[in-house]
Structures are given as structure tokens and as C-alpha cells.
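What follows is a set of notes on a single structure, which appears directly below.
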Amino acid sequence: MKAVKTAPDVASSYAHQVDNLYAYLLGVSIFFTIAICALIIYFSVRYRRQSDADRPEATKDGKLLEILGSVIPFVLVMIMFFWGAKLYFDARIPPKDSIEVLVTGKQWMWKLQHPNGKREINDLHVPVGVPIKLTMTSEDVIHSFYLPAFRKKMDVVPGKYTQMWFLPEKTGEYHIFCAEYCGTEHSLMIGKLIVMEQQEYAAWLAKSWTDGNTPVAAASDDPASAGKEIFEANCTVCHTGKPGAIGPDMMHAFGTMRQLEGGEEILMDENYVLNSMNNPNEHIAKGYPAAMTSFKANLSSTQMKQVIAYLKSQSEASAE
Amino acid sequence: MNDSAKTEPKLNYLNAGNTVKSWLFTVDHKRIGVMYLASIVVFFLVGACAAALFRMELATAAPDVFSNDTYNKLFTMHGIIMVFFFLIPAVPGVLGNFLVPIMIGAKDVAFPRLNLASWYIYMLGGSFTLAAVLLGGIDTGWTFYTPYSSVYADSNVILAGTGVFITGFSSILTGLNFIVTVHKMRAPGMRWMRLPLFIWAQYATSIINILGTPVLAITLLLVVFERGFGFGIFDPAKGGDPVLYQHLFWFYSHPAVYIMILPGFGVVSEVLACFSRKRIYGYEFVAFSSLAIAAIGFFVWGHHMFTSSQSEYAALIFSILSFLVGIPTSIKIFNWTATLYKGSIELTAPMIYTLGFIGLFMVGGLTGLFLATMAINVHLHDTYFVVAHFHYVMVGGMMMAWLSGIHFWWPKMFGKMYNEFWAKVGAVVIFFGFNFTFFPQFIAGYMGMPRRYHVYDVAYQPFQMLSTAGAFFMGAGLIICLVTLVASLFRKESCGSNPWKATGLEWTTADSPPHPHNFEAPVVVDVEAYDYTDERIYQDA
Ligand SMILES: [Cu+2]
Ligand SMILES: [Cu+2]
């Protein structure tokens, strides 16, 4: 019989840091559980009705204990709060050099797409030592992308993009789970994260897309080039940054901050572009009229995704 | 006081009428409490059977007893029935109805007919939900997350949602009734600071019920509208926001945790005082902290949504408030423990349940800190760790407190004492069975096992197996408990009006079982709560 595992795999130093915090919480919890249980048992025996323990009139000297009883827990939980928040915020923004993988949740599978267009279903191959950024959305209900070995999870929500990233530091195979209940085959919405040596990954990525179990991806399947066609057919008149155009430049601005009417600023990211296609008048760029109409009825959600991929590739190209 | 062990049975609320009609049309809060007891036990058994069935499935990693669809319907049914038809109404419906008027020296609640209506509304809501189960079931989980529930699920969401919607009104009306009763019906001399802590707890709970339950009702109505009439509120395909649903749902459902547990705090305070022969340490603190918890509890709902794509800064606020709400709770645990110090302790069945409550609820509270910690929550959210955590709070906390209260006031309600030995055996078996069931789930959760999985990775199997074994152990304890209590009803001898020698108007001034109007003469209160030096409690026959 195999030994029973009682701790999850650790595949990144972030996971290790989370475990340290977990150990602190566990220590505090065990201490208080044992202390209170021991007191309850001790009192129940010492002061049982039949015992002749002395029970003077209610004593009034508990003030110091009372103060300690509220200050100590307060300090202990504030440590938990700051430590937990710091870890969470430190690990929030994906590093600049991340490889971006597109994740689409769908009842009941994970569809994944690498930057060069290569697709996978449920399996995700990544190189060791390189941060991986997942840009995720759902085609139907809410799912949640969960990597227990990395102590990370993020909901995958229809109608918007969510993001999560991790740095694989150990090669091997790890669980991918859907953590948000999503219907009949929820428990089969699982996959494998395969962390490979970098050269191996490069070879895997370059390998013909038609071999093995990996689904085929044709060249036109590359979302950015499909997006280019859609963009050119619908958007170029206003949004390529030509002087005097009716609309703001969308071609070279992905990832930058955009000034809005009314003084606000907004990051031009996936959600912003998506929202601009669906509800163009919600955020009006500074200096431009509210002239655009919604593309909700004209473009499918897949097409919108392709447009976003195209815009992203354009700004990356212009940044280099 | 009155000797109820005489040969001629005295008039009491039970023998005041024997027809079915005299029960179904009663406006006596005590009879309504007993009707709640009977119906809540039925719902509890239905929910427990569902749990027994899916625990069988979960014993092994492979799917072996049920299809995934049936499994999903079983855990959904377990959740909906246990939360809305057991945990929420259990203490207020049964003990609250029976005791609130008696404890404050009143003849009845402020609105007796409305009180009866509450029970009918509860039963109507329950019938809708049971109909949803019988007509093919519902598979959304008790949380009804959109857009799954409003668009994609292929089961009886509208029927079940309507059932929960209707039942909500029974909570609202009961809450309203208790608040008015406590304000307006207290006997002369029953000042606020003389109220039993049970009353304070009921009062705080009633406030949450009135403020929170309408939000749940509106939310479920919106789901029903979206599903039935295609409204675009939560469905992104129609411009809705699915995460909005979670905000609305948890705005009610986090405070609902306090709706379930605060009344339990009240029960535990009464039982501890009685069997330690002492006033609860820090009465004022325990009383007001219930109100504080009720108030802060409305501002922590986002801790259920750290990974939902809500703003990180919102998450930060929700995290710190969740920690702060833990402080008064931890002080309560210190207060209860301190009450034992230099007490005169008697380990009766209700006391064993109460001490069990303190231990289990404490574990539930401490593991809540893990989930309030942002970085830890991201890992543990939607895993078995969460399942274990809330069962420690709900079952280890609330159910143990409820059973403690049932055992404590059983002689008051029915005038009969149960077999104490078997009642204690039941309590101990439930306590250990509970730990066997739910402790392994903490480990499975930390190891990353998501909740609501029909099949799972074999690495988690040892924990799930233990858990299933524990569940049947605990089930045996519940059966012992049920049989012991029911058997007591067939006993001949009366238990006297104050078998525990407890303080409180219900013990010192009312018979067991009480007179139809609770007291035969108007009540005047001249003592503080929990005055165990008062000679009068020891004079009873
Ligand atoms: Cu899923
Ligand atoms: Cu909560």
C-alpha cells in the first residue's frame, strides 16, 4: 500500500510561502484548541458538583486576564491579516516576461491556447522557470481554474476576462481542477499541468500540431490573424490612430492607460476592449464623441476574443 | 411551586385539547413550537438521508453508487434542506417560540396569529422544495450560483427557489414577532439587563432576519425571473453580471451564518449557567457582543468571493472585517470557559452537548481565520477545507447547541425526563462521530480536493473513507438520541416543574409542561438573571 499523502505538492516558492503562513495559523489554532479543551476538561473534573474544591464568592480580579484575552487574539489575527494580504498583493501582478496562455472554460473542459496558436484541451504544457500568465474566460457558466500545487485559483467568468499567473519551479505533472461547481460533469473538468525543461518545451511547442492527441490547430486558427481580418473589416476607419479619426487609437495602445472624459483613467486591457465592443458608451475616451454603436449583435464572443488577440499582438509589436 | 406529580393531571398546554384541529389552529406559542419541532425533525431526517447517500458514494474515488447527476442532486438537496429548513429555523422556530414569551413573563408572543401563519408559510415553502426534489430534483448546489442556475441548469430551479423564497417570509415574520414581543411584553421588573442571554441572542438574530432575509428573497426572485422570463440580470449574454448574484447572495448568506449560530450562543449560555450554578462570566459582554456580531456580520460577505474577480481592494476590506468579527466571538469562548471556573459542575446530557459545542465551534471559528486570510483563502476556497469549516460551525456549533437546548428544555416542554444514561451516550457518540466525519476533510481540502466532486483523485480517498465511516457513526448517535427522547414521552412519572434546579421564569414560575397561558398569575421579576444563590429554585417538589 502506498503511503498516505497528507500535504499537497509544492511546485513554486510562492506555494512554499503560503505553506509557511498556513503553518503559523495552524500553530495558533492548535495552541488555542488544546488550551481551551484542557481548561474545560480540568474545570469539569476539578469543580464537579461532588468535589470539595473551594469556590469562594465570584472573584473580581479578572481585569488583567480580560484585557489579555482580547489584546492577544487581536495581535495574533492582525499578523494573519497583514501577512496574508502581503502575500496576496505581492503575487498579484504577472511579471512582464510571462508567457501568456489563453484559457477558456466550457462545460466540461479546459481549452488552452499558446502564444503561437497551438491548442490543447485539459493538458497544459509549460516550461520550468518561466512565469506563466493565464488570461481566462468562460463560454458558459462560472468555472474556477485551480492549481493546488501552486496554491492558486481564480474564477473563470463568462462575459469578462480574469487573470492569474504562476511560476513553475519544478518539472513534473500537477493537477488542474475546476473548483467552481459548474454542473453535471463538474468533477471531470480536470486536467494536467505538465512542467517541462525549457528545451523540451521549445521542441514540444514547435512540433507539428497534427501529431498525437493534441488537437490540430490550423494556421488561420491563430486568433490574432483571425482578429486582424475582423478588425480591418469593422474598426480600421476610426481606430488606427490616424489624425482626425472619430475614435481613439486601439491599434497601438493595448496595455497603456487611457484618459477618459471626466478625468478618470483606465487601463486598456482585455476587459476594457471587450466592454468597449459591447457597451461602447460606458467609458468615453477623452476628446472623442460618443459615436460608436455596440457590436454585441454583430460579433460573436469568439470573434471579440480574436480582435483582442490582434490588438494585443499589434501593441506588443509596436513596443518592441 | 405547583406540584405537577399529583394524581389528577393539571391543565397544561398539551392536554388542553386533543383534536388535530386544536393543534392546526392553535395560536399558543408553545404548541406552535412543538409543531415546528415535529416538522423540523422531519426535514432534518430528509437532509440527513441525502447526506448518508452521497457519503456512500464518496467512500471511494471512483463513481460506484450514483450517476453524477444524482450525486449533484443529493448534495444540493442536503444543502438546501439543512440550511433553509433546519439550521435557520431550528432554534428560533422550536426553542424561540416555546421560550421567548415564558422567559420574559408574557402570556404569548405579540402577534399569536401571525406566529401560526409563520409556521404555515414555513410548511408551504417546504412543500415547494420537497416537490422540486420529488419531481426530479435540483442540481445547482444550495448557493444557486448564476448563470448556471438561471440559464444552464436543467432541473427544478424555479420550484426550489420559490420554496426558499416563501420560507424566508416565515423567518421575517418570526423575527418581527420576537422583536415586538421583547420590547412590549416583558413582565414588570424584567429589565433589559435582567433578560436571559437566550433572549438577547434571539433578539439579535431577529434583527438580522428582518434586515437580511428580504435581500435573499429579492435575489432568488431575480433568478426566477431570469430563468422563467429571460430577464438579463445575471446572464452575461444579456448584459447581466453573474458576479452581482454572488454579492447579493452572500450579503444575506453570510449574516445567515449568524442567524444560525447566535441562537445557539443563547442556548449554550443558559445551559452553562445552570450546570455550573453560576452567572455567565461577562453577562453584559456576551449580551452586547451578539448585537455587535449581528451588525459587523453584514459587512464581511466578500470573504466568500476572494477568487470571484471582485476588486482586490474590496477583498482587503472584507478580509480585515472578517478578522475583526472573530474577536468578539473568541472573547465569548473565553467567557464561557471562565464560567466553569469555580463553578459547581454537573455533566448532564445538555451540558455534554454544550461543552462539545464550545470545542467544536472553536475549531470552526479558528479555521474561519484561515479562510479570512487572503493568500490562504485563494488556495482553500471551494475545497473540502471550506466544507469542513462550515460543518464545524453549523453542525458542531449550531446542531450541538440545538440538541443541548432540546435536551435542556425537553422536560419543560413535555413534563417528562428522558433516560439520562442513553442521552449522554448519544451525546458522546455524536461528538466523536462528528469529528471522525469532518476532521479528515480539513486535510483533504488542504491537499486541494475541490468540493462537490462526484469522482476524485485517489490520493484523497483515505480521508473520504474516514469521513464516510464517521458519518455513519454519527448517524448512530443521532438515532440513539432520537429514540431516547421519543421513549421518554411514554414514561409515566412527571419530572416536576424544575428538574435541573435552574433559574429563569420558565423554570421557577411555570409548570412542566406549562399552563396554556404560561403562568397562572401575573409575573413580577425581582431578581437578576442566573441568580443561583436564590433559595426559591431549590424549594421545588
Ligand atoms: Cu467547471
Ligand atoms: Cu461568510
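The values are calculated or read from the model by the stated rules, or taken from the named source; none is laboratory data. Note that the coordinates shown come from a computational prediction; the quantities given were computed from them, not determined experimentally. Virtual Cβ from ideal backbone geometry, glycine too; neighbours counted across all protein chains shown.
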Exercise. In the range A:60-112, what count of residues is obtained for those that are more than 10 Å from every other protein chain (Cβ to nearest Cβ) and either within 16 Å of ligand 2 (Cβ to nearest atom) or of a type in the set (Lys, Arg) (or both)?
Worked result: 5
Exercise. If you go through the range B:257-270 one residue at a time, do you hit one that is on the phi > 0 side of the Ramachandran plot, more than 16 Å from ligand 1 (Cβ to nearest atom) and within 14 Å of another protein chain (Cβ to nearest Cβ)?
Worked result: no
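Which of the residues belonging to the range B:217-229 are more than 14 Å from chain A (Cβ to nearest Cβ) and farther than 30 Å from residue B:329 by Cβ?
B:221, B:222, B:224, B:225, B:228, B:229
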For this session: Output yes when any residue across the range B:230-245 is in contact with a helix residue (DSSP H, G or I) (Cβ under 8 Å, 6 or more places away or on another chain), without any contact (Cβ under 8 Å) to a residue 24 or more places away in the chain and away from chain A (no Cβ under 13 Å), and no when none is.
Result: yes
Problem set entry | Residue ID - farthest from residue A:127 (Cα to Cα), chosen from residues in the range A:11-27 that are buried (at least 17 other Cβ atoms within 10 Å of the Cβ) and of a type in the set (A, V, I, L, M, F, W, C) | A:25
Exercise. Could you say which residue among B:256, B:237 is within 16 Å of ligand 2 (Cβ to nearest atom), among the aliphatic types (A, V, I, L, M) and either part of a helix (DSSP H, G or I) or within 19 Å of residue B:125 (Cα to Cα) (or both)?
Worked result: B:256
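Looking at residue B:108, is it of a type in the set (Asp, Glu), away from chain A (no Cβ under 14 Å), part of a loop (DSSP other than H, G, I, E, B) and touching a residue at least 12 places away in the same chain (Cβ under 8 Å)?
Here the answer is yes, as residue B:108 does meet what is asked.
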Problem set entry | residue B:286 surrounded by fewer than 24 Cβ atoms within 10 Å (Cβ to Cβ) and under 22 Å from the mean Cα position of the chain (by Cα) | yes
Exercise. Looking at the range B:356-379, is at least one residue of a type in the set (S, T, N, Q), touching a residue at least 12 places away in the same chain (Cβ under 8 Å) and more than 15 Å from ligand 2 (Cβ to nearest atom)?
Worked result: no
Exercise. Tally time: how many residues in the range B:263-282 are hydroxyl-bearing (Ser, Thr, Tyr) and either under 22 Å from the mean Cα position of the chain (by Cα) or within 16 Å of ligand 2 (Cβ to nearest atom) (or both)?
Worked result: 1
For this session: Filter the range A:156-167 for residues that are more than 7 Å from every other protein chain (Cβ to nearest Cβ), under 21 Å from residue A:15 (Cβ atoms) and either more than 10 Å from ligand 1 (Cβ to nearest atom) or in a loop (DSSP other than H, G, I, E, B) (or both) and give the result.
Result: A:163, A:164, A:165, A:166, A:167
For this session: For the range B:326-380, name all the residues that are among the aliphatic types (A, V, I, L, M), surrounded by fewer than 23 Cβ atoms within 10 Å (Cβ to Cβ) and more than 9 Å from chain A (Cβ to nearest Cβ).
Result: B:371
For this session: Please go through the range B:289-305 and pick out each residue that is away from ligand 2 (no atom under 15 Å from the Cβ) and either touching a residue at least 40 places away in the same chain (Cβ under 8 Å) or outside any helix (DSSP H, G or I) (or both).
Result: B:289, B:290, B:291
Exercise. Restricting the search to the range B:152-206, which residues are hydrophobic (A, V, I, L, M, F, W, C), outside any helix (DSSP H, G or I) and more than 21 Å from residue B:134 (Cβ to Cβ)?
Worked result: B:185, B:187, B:190, B:195
Seminar exercise, completed: Within the range B:306-333, residues within 14 Å of ligand 2 (Cβ to nearest atom) and in contact with an Asp or Glu (Cβ under 7 Å, 6 or more places away or on another chain) come out as B:308
Exercise. How many residues, within the range A:239-248, are surrounded by fewer than 17 Cβ atoms within 10 Å (Cβ to Cβ) and on the phi < 0 side of the Ramachandran plot?
Worked result: 5
Problem set entry | the range A:180-201 residues that are within 18 Å of residue A:118 (Cβ to Cβ) and more than 7 Å from chain B (Cβ to nearest Cβ), paired with ones that are among the aliphatic types (A, V, I, L, M) and within 16 Å of ligand 1 (Cβ to nearest atom) (beta carbon under 6 Å, 6 or more apart) | A:191/A:176; A:193/A:124; A:193/A:176
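Residue by residue, here is whether (1) within 16 Å of ligand 1 (Cβ to nearest atom); (2) crowded, with 19+ Cβ neighbours inside 10 Å; (3) farther than 20 Å from residue A:183 by Cα holds:
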position	(1), (2), (3)
A:113	no, yes, yes
A:118	no, yes, yes
A:125	no, yes, yes
A:136	yes, yes, no
A:139	yes, no, no
A:144	yes, yes, no
A:149	no, yes, yes
A:154	yes, yes, no
A:169	no, no, yes
Exercise. Here are some conditions: (1) farther than 28 Å from residue A:156 by Cα; (2) in contact with a strand residue (DSSP E or B) (Cβ under 8 Å, 6 or more places away or on another chain). Residue A:258 meets all but one. Which one does it not meet?
Worked result: (1)
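If you check residue B:249 against the conditions, is it away from ligand 2 (no atom under 16 Å from the Cβ) and in contact with a helix residue (DSSP H, G or I) (Cβ under 6 Å, 6 or more places away or on another chain)?
No; evaluated as a whole, the condition is false for this residue.
Would it be correct to say that residue A:181 is touching a Lys or Arg at 6+ places or on another chain (Cβ under 7 Å), more than 16 Å from ligand 2 (Cβ to nearest atom) and not assigned by TED's automatic domain parsing to the domain that holds residue A:301?
Here the answer is yes, as residue A:181 does meet what is asked.
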